[in-house]
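Read-outs throughout are calculated quantities, based only on the coordinates presented, and are distinct from any laboratory measurement. These figures come from a predicted structure and were not determined experimentally. Positions of Cβ are generated from backbone atoms using ideal geometry, with glycine treated the same way; all protein chains shown enter the neighbour counts.
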Amino acid sequence: VRHCDNSCDAGSGNRCNGRRLTAILYLNCDWQPGDGGELRLFEPFAPPGRPPLADVQPLADRVVLFFADYRVPHEARLTADPTGPAARGEPGSLCDALF
C-alpha cells in the first residue's frame, strides 16, 4: 500500500508523528530476483497509475534512508514466498523498518 511514514501537514496536526527519516536494513541473505519484497519509491504527489521512480532490491546488508514525509511516498512489494504472508493473503516484505 502506497504511503508516507509521516503524514504531517506543515509540522503539526493529528497525523504528525515526528518522524524525519526512515531507515531500512535488509537482513535476508538468500534474496533473489523474483522473490519480491522490493521497496517501491514514487514521485511526490504523483497521480495513481504513474510508474514508480524506482524499485529497490532488498539485498542483504543494504541500508536505505529516506525522508519520512510527503517527499518519499513508497510501498513494500509483496513477497513470492509460498509459505509467507502473501500466501495467506497478508501484506509482507523482506525488511524491518527503524524509525
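List of remarks:
- Legend: calculated FRET efficiency, residue 59 to residue 17, from the Cβ-Cβ distance at R0 = 41 Å, rounded to 0.05, equals 0.90.
- Remark: region 37-44, residue by residue, has Karplus-estimated 3J(HN,Hα) of x, 5, 8, 9, 9, 10, 6, x Hz, where x stands for each Gly or Pro and the curve is 6.51 cos²θ - 1.76 cosθ + 1.60 at θ = phi - 60°.
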